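J.: Sharing a structure here in structure tokens format.
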Amino acid sequence: MVRWEPNARGRLGEAAFELFTERGFEQVTVAEIAERAGLTERTFFRYFADKREVLFAGADGFQEIFVSGVASAPDSAAPIEAVAGALYAAAAMFLAHEGGARRRAAIIAAHPDLRERELVKLATVASAVADALRRRGVTDPAASLTAEAGLAVFRIAFARWIAAPDGPDLARLIAESLDELKLVAAGK
């Protein structure tokens, strides 16, 4: 009999990431993930609906970082500045989990269905950010435009960060991308 060990969810996630990295997402089964983690398939399904969910399990927390970042901005902050605060909060979270973020990005980049799922996740976050801006009194279309622009800034900065592991940190790339957006919007 296997001795009980804590953190089944974390062990399953780590096993999945290892296997996805070693063999590719499509070639890995739930049974193999559970076996690598020293657990059963039944235990896997207690934590995840399917193997894709291992990669997207943090989506609610990711969205909450953005929404709370907008909500906690000073009342005097312009909409784009409120979103910028949320972007920097997200950057701090990614920097705290840099290795996992980079592995996850590589796994997703290698699989078209996962890339599509990632885009859906980001669209959901943009919608939640727009709602947070509306609660601050920002009307449409400004709330939707600002939220979408903010998520575009994040996606571009994140892609640059992933592409250059020895390059600037994510917060700096976000700042550079925000500055570029402001220049484009000003017609410069």
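FYI, it's all coordinate maths here, none of it is from the lab. Source: prediction; values computed, not measured. Glycine also receives a Cβ, built like all others from the backbone with ideal geometry; neighbour counts cover every protein chain displayed.
J.: When only residues in the range 128-150 that are surrounded by 14 or more Cβ atoms within 10 Å (Cβ to Cβ) and hydroxyl-bearing (Ser, Thr, Tyr) count, which is nearest to Pro74 (Cα to Cα)?
T.: Going through the qualifying residues, I end up with Thr146.
Here is a yes/no grid of residues against (1) over 19 Å from Ala57 (Cα atoms); (2) more than 16 Å from the chain's Cα centre (by Cα):
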{"residue": "Gly100", "(1), (2)": "no, no"}
{"residue": "Ile108", "(1), (2)": "no, no"}
{"residue": "His111", "(1), (2)": "no, yes"}
{"residue": "Val120", "(1), (2)": "no, no"}
{"residue": "Ser144", "(1), (2)": "yes, yes"}
{"residue": "Ala157", "(1), (2)": "yes, no"}
